[in-house]
Amino acid sequence: MLRRRTEPGSTSNPASDPVSAPTLRGTRPSLLLLAVAVLAGGASLLSFQPIGWWPVQFLSLAWLFYQVGMGTSVKRATLVGWAFGFGWSVAGMHWLYIFMTRFAHLPVILATVGVILLGLYMGLFGAFAAGVAAWIRKRWSLPVAAFVLLVLPVTWGVSEWMRGWVFTGFPWASSGYAHDTAPLAGYAPLIGVYGMGILVGVIAGCLVMLTQRARWQSVGLLVAVLALGAGLRTVEWTQLTGQPITVRLLQGNIPQDQKFDEVFLANILERYHGLITAAPADLVATPETAIPRFPQNLPPDYLESLQRFSTSTGSTLAIGMPLLDGPNQYANSLVAISPEPKPYRYDKAHLVPFGEFIPPGFRWFTDMMNIPLSDATRGAALQAPFAVKDQLVLPNICYEDVFGEEIAYQLRNAPRPATMLLNVSNLSWYGQTVAIPQHLQISRLRTLETGRPMLRSTNDGATAVIDHRGNITQVLPFYTDGVLTATVRGATGMTPFIRLGSAAFLLLGALMLLGAWLTGRRYRNNKAKSNS
């Protein structure tokens, strides 16, 4: 129970002061507590796909909030938050180990150390959430209710937002992604995935408050947050527009260890040429780097034959391939070949650290992993969509769709905003792990935030069509080769998230912190009056 323990010399009555900030002897958590914190953070993996037990996340985060609420020590809260964040990150991103050992050919020990170091770094954001919240509580002398229902949810959400941009960001496994089909999904068009993270924290705080005397008020708040989210799911923020287009999304299932091997190059090129030209469609899309060579290194007439197919059938071809712009200047790109020959390219703008760009001082590490195309040129932040009949298609490549604010920025600032999104990916680097179903969840959140359908063409999954309301209408089986054929209609209009981006989430957090400060000031004034 988060009850206040009376300090020596204090005249306050703990029974009559059930919402005061508790105190605890000592500032150092035990090793056992830190180990449990790692497990509690790791349990969050159960809330994401392919398991999808999203209520587990509320319990996991409630455990952290309860532990942080047990004492006034900022140091203790920071260490527990760090351990919790470490467990959360390692569980959510353990699949990086597959990449390091199987494809980057790092020794098992070095790969294990790499995952642990990444987890320790990512855990710093959990340390921030818990430590800053504990500091604010101490500074403002907050009652428990204001602390666990207002401050901790905000610092948790802000920590996830920071994880999305500090050192270029890696917001995978942010808490909101677990709720792509849950009631909280209704808030996505308003405050985005990070705002949903704040609301996850509010619900976790409600569970903590069940240990207090105001438990029925907590139940009411919990039900209200979930019910309002469910109601918001019925709101149409955007409208379908234009004529539907036919699409063919290709899933080549090329083994990653063959993709950049010269021995298999001819087979790969022939395979994708056959898949692309097998049948016409308004839009035919390949995965990321489906053609794994620069145009200058392709067989004569390869691209010209695709152009002839496009012209004769009226098909627009969206082809993932690297483009060479000069010595040691290349981009991870998507090229659109249209019936009326117009040059179009989209260059990946948000590059993967170590995989697509080399952080200063780490060239030795990327050289050790020997990753193809590991030092690419960054594309522009604002790039135009391409037209397919009367629809406008905005590409993003691989994990670029993790950064919802960047997609919203492009939609908000484009002279002609896109009516649908296209993600081309290759997650074969990570084997048969949770990476693919988690990435599909991420794409669903982008459709909810923007009110646009998402087309996904991937090497081995998840190749899918997601409508503008976040529903998966079609998906190919993972780890197989195939073609997904569908008819898709785009959408127009601006959701609040497109218009405001992260500003909406930050405004929510600011209002909650203001409410906490006002509550603390009123609490201190009342306490001063009672002691006078």
Check: Here is a list of conditions, (1) in contact (Cβ under 8 Å) with a residue 60 or more places away in the chain; (2) not in a helix (DSSP H, G or I), and residue 415 meets all of them except one; can you say which number that is?
Finding: (1)
Next item on the list: Check residue 212 against each of (1) in contact with a Ser or Thr (Cβ under 9 Å, 6 or more places away or on another chain); (2) assigned by TED's automatic domain parsing to the domain that holds residue 65; (3) at pLDDT 95 or above; (4) not charged (D, E, K, R) and name the one condition it does not meet.
Entry: (3)
Notebook entry, point to check: For residue 320, all conditions in the list (1) outside any strand (DSSP E or B); (2) in contact with an Asp or Glu (Cβ under 6 Å, 6 or more places away or on another chain) hold save one; what is the number of the exception?
Noted result: (1)
Note to self: If I ask for residues that are farther than 19 Å from residue 291 by Cα and at pLDDT 95 or above, which ones from the stretch 310-338 would you list?
What the structure shows: 311, 312, 313, 314
Check: For the stretch 132-142, what are the residues that are surrounded by 24 or more Cβ atoms within 10 Å (Cβ to Cβ) and of a type outside the set (A, V, I, L, M, F, W, C)?
Finding: 137
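Based on what the data block shows, is residue 115 within 19 Å of residue 430 (Cα to Cα) and surrounded by fewer than 16 Cβ atoms within 10 Å (Cβ to Cβ)? Can you show your working first?
Numbers: within 19 Å of residue 430 (Cα to Cα): yes; surrounded by fewer than 16 Cβ atoms within 10 Å (Cβ to Cβ): no.
For residue 115, the condition - within 19 Å of residue 430 (Cα to Cα) and surrounded by fewer than 16 Cβ atoms within 10 Å (Cβ to Cβ) - is not met.
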Checklist line | Residue that is over 17 Å from the mean Cα position of the chain (by Cα), within 22 Å of residue 185 (Cβ to Cβ) and among the polar types (S, T, N, Q), where the choices are 423, 471, 459, 396 | finding: 471
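Just to be sure I understand, how many residues within the stretch 343-391 are in a strand (DSSP E or B), at pLDDT 95 or above and either under 24 Å from the mean Cα position of the chain (by Cα) or β-branched (Val, Ile, Thr) (or both)?
So in the stretch 343-391, the residues in a strand (DSSP E or B) come out as 345-347, 353, 357, 386-388, 391.
With the extra rule that they be at pLDDT 95 or above, the set shrinks to 345-347, 386-388, 391.
Imposing the further condition that a residue be either under 24 Å from the mean Cα position of the chain (by Cα) or β-branched (Val, Ile, Thr) (or both) reduces the set to 346-347, 388.
Summing the residues that are in a strand (DSSP E or B), at pLDDT 95 or above and either under 24 Å from the mean Cα position of the chain (by Cα) or β-branched (Val, Ile, Thr) (or both) in the stretch 343-391 gives 3.
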Margin query: Within the stretch 502-510, does at least one residue satisfy the condition of being in contact (Cβ under 8 Å) with a residue 60 or more places away in the chain, part of a strand (DSSP E or B) and under 28 Å from residue 47 (Cα atoms)?
Written below: no
Check: Do we have residue 388 as buried (at least 16 other Cβ atoms within 10 Å of the Cβ) and touching a helix residue (DSSP H, G or I) at 6+ places or on another chain (Cβ under 9 Å) here?
Finding: no
Notebook entry, point to check: For the stretch 171-281, list the helices (runs of 4 or more DSSP H) that sit wholly inside it and hold at least 1 residues that are buried (at least 20 other Cβ atoms within 10 Å of the Cβ) and touching a strand residue (DSSP E or B) at 6+ places or on another chain (Cβ under 6 Å); which are they?
Noted result: 262-277
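On the given criteria, is residue 491 of a type outside the set (Lys, Arg), more than 22 Å from the chain's Cα centre (by Cα) and under 24 Å from residue 183 (Cα atoms)?
Details: of a type outside the set (Lys, Arg): yes; more than 22 Å from the chain's Cα centre (by Cα): yes; under 24 Å from residue 183 (Cα atoms): yes.
Here the answer is yes, as residue 491 does meet what is asked.
Would you call residue 485 of a type in the set (S, T, N, Q), surrounded by fewer than 23 Cβ atoms within 10 Å (Cβ to Cβ) and in the same structural domain as residue 397 (by TED's automatic domain parsing)? Reasoning before the result, please.
On the way: of a type in the set (S, T, N, Q): yes; surrounded by fewer than 23 Cβ atoms within 10 Å (Cβ to Cβ): yes; in the same structural domain as residue 397 (by TED's automatic domain parsing): yes.
Criteria met by residue 485.
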Notebook entry, point to check: Could you say whether any residue in the stretch 488-497 is surrounded by fewer than 23 Cβ atoms within 10 Å (Cβ to Cβ) and either closer than 17 Å to residue 283 by Cα or acidic (Asp, Glu) (or both)?
Noted result: yes
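The values are calculated or read from the model by the stated rules, or taken from the named source; none is laboratory data. The structure displayed is predicted, hence computed values, not measured ones. Because the Cβ atoms are built from the backbone with ideal geometry, glycine has one as well, and the counts that use them run over all protein chains shown.
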